[in-house]
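Take a look at the structure below.
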Amino acid sequence: MTAHPPGLMGPPGRGGRFGEFGGRFVPESLVPACQELEEEFASAWADEGFRGRYRAILADYAGRPTPVTECHRLSERLGLRVLLKREDLTHTGSHKINNVVGQALLTARMGKSRLLAETGAGQHGVAAATAAALLGLECVVYMGEVDLRRQALNAFRMRLLGAEVRSVTSGSATLKDAINEALRDWVATVETTHYCLGSVMGPHPYPWMVRELQRVVGDEAREQCRRLLGGADPDYVVACVGGGSNAAGTFAGFVDTGAALVGVEAAGGAAMARGVSGVVHGMRSRLLQDEHGQVLEAHSISAGLDYPGIGPEHAYLGSVGRARYVQAGDDEVLEAFRLLSRTEGIIPALEPAHALAWVVREAGRELPRGSNVLITLSGRGDKDVAQVMDMLDG
């Protein structure tokens, strides 16, 4: 087994740090709210009653465990053994439900009645609206105007579930700006409101808390892969990365094994490849910025990866060499989207199609023939079909 630095993907260090990354860079008015959240989550996560209710909702409502599916036709085509962790089969259609169920339960435990969320691709917003409806919480979702146009179906689903969807027109009108507006709302309403951040980013304790709530993905996948592979772990574990919650949850299950961990960013973002250390949205991480320290705009065909930074724990995993971060471009992502649909009858979301695109590109090159490769299929493609149809018709 490959030797790795000790303590990877355990509790963060002092001040919520992963090496030099992480921390808590927020207005003074939000420091007590972050401290309260840290204390409440630590208490809840140590409470078997809370954990039991969380697991029960994931099982009886969200549909866990999700299966690992072996892709026989795709594997034959690529010369690999390709396995998919099927987060697309959860209630609401993505891994996001794992996080929001935990945070919604925590909201009720803290005696708060209002849930805030930001969303890009809409999957986190839908999941937040779903959990709020389940637990009787008010829900407000901020969404960039650009993303509202390309994810109109998910915006309608949120409203149908009882959430108020607020359009954000500032900046690039995408995920970064939706987070900014949600943070401003939280500052003004913190007494009654919990901000349900959707990824492993933001101020401490969010990167740690969201990773722990998504760890179920990796824990399940590790056990399932060992059954399929005769007790062995995959050679490669691959997941898409924007903020990086599905990847963090998956990697947590394999970080202490010999599996190579690969995060795939959008080529128009690529915070790990082109970013530098800086502060955004309450955290220190790697992000795209100009020579004056101004945050640059990212681009991705997928709204969920249209973010100029990356979660701080991913920045740390990359810095110590435990995970690699690579990129996939729009054209190869579209081709991977079609390839999985035609070979396996599974239409992926555009976000995990990035992970698949890298595997397709590197099959027989960086990925030796016969390698066992696990890909986290973080969401289903229903939300993207209209967008892809327009692009392909064009």
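The values are calculated or read from the model by the stated rules, or taken from the named source; none is laboratory data. Just so it is clear, the model here is predicted, and its values are computed rather than measured. Because the Cβ atoms are built from the backbone with ideal geometry, glycine has one as well, and the counts that use them run over all protein chains shown.
For the stretch 304-319, the candidate set comprises residues that are over 12 Å from the mean Cα position of the chain (by Cα) and assigned to a helix (DSSP H, G or I); within that set, the residue that is surrounded by the fewest Cβ atoms within 10 Å (Cβ to Cβ) is Ser319. Of Gly263, Gly278, Gly269, all but one fail to be assigned to a loop (DSSP other than H, G, I, E, B) and either in the same structural domain as Leu377 (by TED's automatic domain parsing) or under 26 Å from Ala336 (Cα atoms) (or both); the exception is Gly269.
The set of residues in the stretch 247-274 being crowded, with 24+ Cβ neighbours inside 10 Å and not hydrophobic (A, V, I, L, M, F, W, C) consists of Gly249, Thr250, Gly253, Gly263, Glu265, Gly269.
From Ala117, Ala104, Ala128, grab the single residue that is outside any helix (DSSP H, G or I), touching a residue at least 40 places away in the same chain (Cβ under 8 Å) and either crowded, with 24+ Cβ neighbours inside 10 Å or under 20 Å from the mean Cα position of the chain (by Cα) (or both).
Ala117
Taking Glu76, is it in the same structural domain as Thr250 (by TED's automatic domain parsing) and without any contact (Cβ under 8 Å) to a residue 60 or more places away in the chain? Here the answer is yes, as Glu76 does meet what is asked. Scanning the stretch 320-332 for residues that are surrounded by fewer than 24 Cβ atoms within 10 Å (Cβ to Cβ) and either closer than 24 Å to Ala178 by Cα or in contact with a strand residue (DSSP E or B) (Cβ under 9 Å, 6 or more places away or on another chain) (or both) yields Arg322, Arg324, Tyr325, Val326, Gln327, Gly329, Asp330. The criterion of at least 2 residues that are in contact with a Phe, Trp or Tyr (Cβ under 9 Å, 6 or more places away or on another chain) is met by the following helices (runs of 4 or more DSSP H) wholly inside the stretch 323-394: 330-344, 350-362.
Where residues in the stretch 56-95 are hydroxyl-bearing (Ser, Thr, Tyr) and buried (at least 21 other Cβ atoms within 10 Å of the Cβ), which of them is farthest from Asp219 (Cα to Cα)? Result: Thr92. Please verify whether Arg64 is among the charged types (D, E, K, R), within 23 Å of Ala128 (Cα to Cα) and touching a residue at least 24 places away in the same chain (Cβ under 8 Å), treating the condition exactly as stated. Yes.
Tell me whether the stretch 188-203 contains one or more residues that are without any contact (Cβ under 8 Å) to a residue 12 or more places away in the chain, part of a helix (DSSP H, G or I) and either among the charged types (D, E, K, R) or in the same structural domain as Leu305 (by TED's automatic domain parsing) (or both). No - not one qualifying residue is present in the stretch 188-203. Condition first: charged (D, E, K, R), under 19 Å from the mean Cα position of the chain (by Cα) and either buried (at least 24 other Cβ atoms within 10 Å of the Cβ) or farther than 28 Å from Glu20 by Cβ (or both). Can you find one or more residues in the stretch 333-356 that meet it? Checking the stretch 333-356: at least one residue is charged (D, E, K, R), under 19 Å from the mean Cα position of the chain (by Cα) and either buried (at least 24 other Cβ atoms within 10 Å of the Cβ) or farther than 28 Å from Glu20 by Cβ (or both).
Tell me, yes or no, whether the stretch 201-218 has at least one residue that is among the hydroxyl-bearing types (Ser, Thr, Tyr) and more than 13 Å from the chain's Cα centre (by Cα). So that I can check it myself, show each step before the final result.
Here is the first cut: in the stretch 201-218, the residues among the hydroxyl-bearing types (Ser, Thr, Tyr) are 206.
Still in the running and more than 13 Å from the chain's Cα centre (by Cα): none.
Taking every residue of the stretch 201-218 in turn, none turns out to be among the hydroxyl-bearing types (Ser, Thr, Tyr) and more than 13 Å from the chain's Cα centre (by Cα).
For the stretch 289-300, a residue qualifies if it is surrounded by 24 or more Cβ atoms within 10 Å (Cβ to Cβ) and free of Cβ contacts under 8 Å to residues at least 60 places away in the same chain, and exactly one does: Ser300. For the stretch 34-46, a residue qualifies if it is of a type in the set (A, V, I, L, M) and part of a helix (DSSP H, G or I), and the qualifying residues are Leu37, Ala42, Ala44. Beta carbons closer than 6 Å, at least 6 apart along the sequence or on distinct chains, pair a first residue in the stretch 328-341 that is under 20 Å from Leu83 (Cβ atoms) with a second that is surrounded by fewer than 23 Cβ atoms within 10 Å (Cβ to Cβ) and β-branched (Val, Ile, Thr) for Ala336/Val360; Leu340/Ile346; Ser341/Ile347.
Tell me whether the stretch 59-72 contains one or more residues that are in contact with a His (Cβ under 7 Å, 6 or more places away or on another chain), of a type in the set (A, V, I, L, M) and modelled with pLDDT of 95 or more. Taking every residue of the stretch 59-72 in turn, at least one turns out to be in contact with a His (Cβ under 7 Å, 6 or more places away or on another chain), of a type in the set (A, V, I, L, M) and modelled with pLDDT of 95 or more.
From the list Gly122, Gly111, Gly162, Gly144, which residue is on the phi > 0 side of the Ramachandran plot and crowded, with 21+ Cβ neighbours inside 10 Å?
Going through Gly122, Gly111, Gly162, Gly144 in turn, the sole match is Gly122.
The single condition among (1) assigned to a loop (DSSP other than H, G, I, E, B); (2) assigned by TED's automatic domain parsing to the domain that holds Val165; (3) surrounded by fewer than 16 Cβ atoms within 10 Å (Cβ to Cβ) that Gly49 does not meet is (1).
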